[in-house]
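Here's the structure we're looking at; comments come further down.
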Amino acid sequence: MGNSLKAVVAFMPSNECQKYLVEDLEDMPVDKMVDLSGSQLRRLPLHICSFRELVKLYLSDNNLNHLPPELEQLQNLQILALDFNNFKALPLVVCTLKQLCILYLGNNKLCSLPLELRLLQNLKTLWIESNCLQYLPEVVCELTLLKTLHAGSNALRTLPTQLRYLQELRTIWLSGNLLSEFPAVLLDMPFLEVIDVDRNSIRFFPSLAHLPGLKLVIYDHNPCRNAPKVAKGVRRVGRWSEETPEPRKRSGAVVEIPLNERPSPPPAIKPELEVEPC
């Protein structure tokens, strides 16, 4: 189908037209994955919800702002990508998919998350970056198996103290927020391996040397007066990161690391990701 024709059909919200956009996807795929990323969808074709053995569903980079209640039929779904859409609220039907391990919600218009999110007790990875969050919803702190949390590029000024209860959490990305102080709750999370507070407004860093699990801390692009102290072997990315002991009089040159070593968020289309056993 030509791109120009797709663009015209995309504005016709009927089920028939939206089904036309996914072309010949009539039967359950053998690999149990459906990737409709970048298909200009305005609604999810209902026949997708009949693929009850589906494990991975990628809906990134569309024009979706709601999902049909029939999505609840996909009780085997483990990966759901809804990033780069127009969601102002997370559809509650998502919270019925209790086998979800990975949920991508980045680059939408979310200002909050529903309390029903606590039902996703198998969730291990949550991406909520580039939304409109002014605070981290406390319901996130009830996702006890969560290992990776990406909340960058929001408007967060602090973190809830309940975050310390996420004892499986290993990686937290907070870059591009409005943090003026290093979040105190992170000092009580010895199991963290990666902390990213790049591009905030933090002026002083407390010592992180007591965090035994820490492997990497990214604190670049903050107006800080010091580098965080870390234990031996911990990688730091930011001002003065290669100085030991830390200098009292320096110009504050930024230390760069190779791009292939710098962590980065996933692309809009993520068909290659594998699911950990839930």
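Checking the condition out of contact with any Leu (no Cβ under 6 Å at 6 or more places or on another chain), among the β-branched types (Val, Ile, Thr) and open to solvent by less than 10 Å² (accessible area, probe 1.4 Å), which residue from 140, 197 passes? On inspection, the qualifying residue turns out to be 140. Out of the range 187-224, which residues are of a type in the set (Ser, Thr, Tyr) and over 11 Å from residue 236 (Cα atoms)? Result: 201, 207. Within the range 118-170, the set of residues being closer than 17 Å to residue 199 by Cα and among the polar types (S, T, N, Q) comprises 130, 131, 134, 153, 154, 158. Residues considered: 76, 107, 65, 85. Of these, the only one that is more than 21 Å from residue 46 (Cβ to Cβ) and touching a residue at least 12 places away in the same chain (Cβ under 8 Å) is 107. Can you tell me which residue is nearest to residue 74 (Cα to Cα) among those in the range 38-57 that are small (Gly, Ala, Ser) and surrounded by fewer than 18 Cβ atoms within 10 Å (Cβ to Cβ)? Among those that are small (Gly, Ala, Ser) and surrounded by fewer than 18 Cβ atoms within 10 Å (Cβ to Cβ), it is 50. If you go through the range 100-126 and keep only what is closer than 17 Å to residue 174 by Cβ, of a type outside the set (Gly, Ala, Ser) and in contact with a Ser or Thr (Cβ under 8 Å, 6 or more places away or on another chain), you end up with 107, 125, 126.
Considering only the range 169-187, state which residues are within 20 Å of residue 143 (Cα to Cα) and within 16 Å of the chain's Cα centre (by Cα). Hits for the range 169-187 are 169, 170, 171, 172, 173, 174.
Residue-wise test of (1) crowded, with 21+ Cβ neighbours inside 10 Å; (2) out of contact with any helix residue (DSSP H, G or I) (no Cβ under 9 Å at 6 or more places or on another chain).
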residue: 96; (1), (2): no, no
residue: 108; (1), (2): yes, yes
residue: 144; (1), (2): no, no
residue: 149; (1), (2): yes, no
residue: 162; (1), (2): no, no
residue: 166; (1), (2): yes, no
residue: 169; (1), (2): yes, no
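Being of a type in the set (Asp, Glu), in contact with a strand residue (DSSP E or B) (Cβ under 7 Å, 6 or more places away or on another chain) and touching a residue at least 24 places away in the same chain (Cβ under 8 Å) is a property that holds for residue 198.
The values are calculated or read from the model by the stated rules, or taken from the named source; none is laboratory data. All values derive from a computational prediction rather than experimental measurement. Heads up, the Cβs are rebuilt from the backbone with ideal geometry, glycines too, and the neighbour counts pull from every protein chain shown. Ligands, DNA and RNA are stripped out before the accessible areas are found, and what is left, the full protein with its side chains, is counted by its heavy atoms. Shrake-Rupley method; radii C 1.70, N 1.55, O 1.52, S 1.80 Å.
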